[in-house]
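S.K.: Structure incoming, see below.
Every number in this text was worked out from the coordinates using simple rules, so none of it is lab data. Bear in mind the structure is a predicted one, so any value in this text is a computation, not a measurement. Glycine also receives a Cβ, built like all others from the backbone with ideal geometry; neighbour counts cover every protein chain displayed.
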Amino acid sequence: MGTNTQQEIANRRTFAIISHPDAGKTTLTEKLLLFGGAIREAGTVKGRKQSKHAMSDWMEIEKQRGISVTSSVLEFLYDGYHVNILDTPGHEDFSEDTYRTLTAADSATMLIDAAKGVEAQTKKLFKVCRMREIPIFTFINKLDRQGRDPFDLLEELEQLLGIRAYPMVWPIGMGHSFKGVYNRHEKQLECFNPENPKDIDIISVDGPNDPTIDNVIGDEALVEQFREELSLLDIAGDAYDVTQIAAGTLTPVFFGSAISNFGVQTFLNHFLKLAPAPTPRESSIGLIDPMTHNQFSGFVFKIQANMNAKHRDRVAFLRITSGTFKRGMSVKHARTNKTLKLAQPTQFLAHQRSTIDTAYAGDIIGLFDSGSFRIGDTLVEGTSFTFNEMPHFSPEHFSEIHVKEALKHKSYEKGLQQLTEEGAIQLFRTYNSHLEKQIVGVVGVLQFEVLEHRLKSEYHVDITLTRQPFSLARWVTGTETDMANFANKQRNLVTDREGRLVALFENDYQMRTAVEKYPDMTFHENSFFQ
Ligand code: GDP
């Protein structure tokens, strides 16, 4: 591999921001893009939430609801790094795609509202990152407002998420009294100026006891509190440990205010140094390491339909896992063994599509697709292999599905298959029931509307969806005898597309009862167990 290619790959950082709605993800993303000069004006990223989209050709539902069903990939160059941010949908448009996007990331940044702490959606997304054992960075946001005690927030990370925390910076005051942060690593004071937040004074000091801090902060009580807190951290807190950070068991924590662009650059500088370059991936021929595997390979982690309603096109998002992509190159589609020419790839930058000529491991490219790709498909140059199957995640909403006109059954089945392969829905069949029924499972309830809309507009099929009372699915494994015993006794069993047994539960209590009753069986929250 040429040193140039190796350098390109080594400089890449591909990550996702995980957070609960309103924590400030759009704001933080925008500030990061501003640093890289990828956008010139504030508001560019925000646009996606407004009811009038700049891109007139988004899906009808998006227009009606004024929200985005889809997510994009944003990239920028900064300080010699090529940064790819995988945008994870977060509001009503939370879907299985959000989880899948995390499989394409090498690290994650967890954004937390200082007043709210760890919230539901953050918890769900964190679990996926933890399973993948990727490094997780934490940015605690909105320090310009009164929030919760920083120690409380750190404890919550440990209690609710089971991750240890190492504050890279420590706040001095909060809300009206917010004075800035002390950077433990650089031994410097980064001062917050509420009148002009962009103007950050950075003052090098000898340590937390340096009298310069008293002079600069000018509030005795605050400085005293800060010193007490810092010594408590030094004595009782976790030590800085890069091995644990890399393993995702210790999270470096930053405090700041995204809206004021305070603490964002400090976060970015440390993040880029600590976050991994494109990481090796498991495949059918062993680990594919982008630093040694010269040939191009990648996997499809997301398929987005109807980005342009006029052309009814789909875009398959591919995470490049090794090698170099060149426009027009021929690759093998591992599942079908067909050769494909990648002629029209696109990259996404602040929602403007542009055609690209070259891309490297770590990058995400969008491939125009007329229905030949499935979630998890592998594309390779040279000897064919496949990456491990893309996992399914537990849906939270379930409906029984029927086609209204029996004559349309063929189109209906075709549409359902297509949408399942794209990952828009999960399709289950009832097990052991008198009459076999089809059950659709989705992570975000909006997917039901997407399903109805797409079957109607693309396949001219009307359906009825009857909501089911379940809210959890667990893939069940065990010995043959245990499985047979379980299947005989348990109700509400279904099989997924691969024929694996899945138990549906109405709530956590019901699920935990089953777990206790069948201690020899394992209940998996997603299909990662394979
Ligand atoms: P998202 O839903 O996570 O993308 O959140 P947004 O970036 O849209 O932010 C949600 C709200 O929080 C908006 O009203 C922002 O202006 C506000 N916000 C974001 N960052 C900060 C911050 O640092 N301080 C304060 N006070 N508000 C913020």
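S.K.: Which FRET efficiency value, to the nearest 0.05, is calculated for VAL242 and PHE151 with the Förster distance at 25 angstrom and r the Cβ-Cβ distance?
M.R.: Approximately 0.60, to the nearest 0.05.
S.K.: Treating cross-link reach as a plain straight distance, find the lysines whose alpha-carbon is under 19 Å from the alpha-carbon of LYS338, omitting any fewer than eight places away in the same chain.
M.R.: LYS326
S.K.: Report the extension gain between LYS437 and ARG335 in nm, rounded to one decimal, defined as 0.36 nm multiplied by the number of residues separating them, less their alpha carbon distance. Display every interim value, and only then the final one.
M.R.: Details: separation 102, 0.36 × 102 = 36.72 nm, distance 2.89 nm.
Taking LYS437 through ARG335 to full extension adds about 33.8 nm, to one decimal.
S.K.: Order these by the 10 Å Cβ neighbour count, fewest first: THR122, THR251.
M.R.: Working: THR122 24, THR251 27.
Ordered from fewest to most neighbouring Cβ atoms within 10 Å, THR122, THR251 come out as THR122, THR251.
S.K.: What does DSSP give for the chain in terms of the percent of beta bridges that are antiparallel, rounded to the nearest 5?
M.R.: DSSP beta bridges in the chain are roughly 75 percent antiparallel.
S.K.: Still on this structure: Can you list the residues, at least 5 places off or on another chain, whose amide H is less than 5 Å from the amide H of LYS437, using H built in the peptide plane?
M.R.: Close amide H contacts, sequence-distant or interchain: THR430.
S.K.: Hey, another quick one. Which residues' amide hydrogens lie under 5 Å from the amide hydrogen of ASP113, considering only partners 5 or more residues apart or on another chain, with H built in the peptide plane?
M.R.: For ASP113, the qualifying residues are ASN141.
S.K.: One-quarter of the Cα convex hull surface for the chain, in nm²?
M.R.: Working: hull surface 105.9 nm².
Orientation-averaged projected area of the Cα hull: 26.5 nm².
S.K.: Under the rule of at least 5 residues apart or a separate chain, name every residue whose amide H is placed under 5 Å from the amide H of THR251.
M.R.: Close amide H contacts, sequence-distant or interchain: ARG164, ALA165, TYR166.
S.K.: Pairs of Cα atoms under 8 Å, at least six residues apart: use those to get the relative contact order of the chain, whole percent. Write out the running numbers ahead of the final one.
M.R.: On the way: 1099 pairs, mean separation 70.5, N = 530.
Normalised by residue count, the contact order of the chain is 13 percent.
S.K.: Leaving out same-chain residues fewer than 8 places away, which lysines sit with a Cα under 19 Å from that of LYS179?
M.R.: Excluding near neighbours in sequence, the set is LYS142, LYS187, LYS198.
S.K.: So, one more: Calculate one ³J(HN,Hα) per residue across segment 274-285 by plugging θ = phi - 60° into the Karplus curve 6.51 cos²θ - 1.76 cosθ + 1.60, and present them in order as whole Hz with x for glycine and proline.
M.R.: Computed from phi, the couplings for segment 274-285 are 8, 6, x, 6, x, 9, x, 10, 6, 9, 5, 10 Hz.
S.K.: Using just the helices of the chain, give the 222 nm mean residue ellipticity in deg cm²/dmol: DSSP H runs with n ≥ 4 each add -39,500 (n - 2.57), and the total is spread over all residues, rounded to 500.
M.R.: When only DSSP H runs of four or more count, the value is -8000 deg cm²/dmol.
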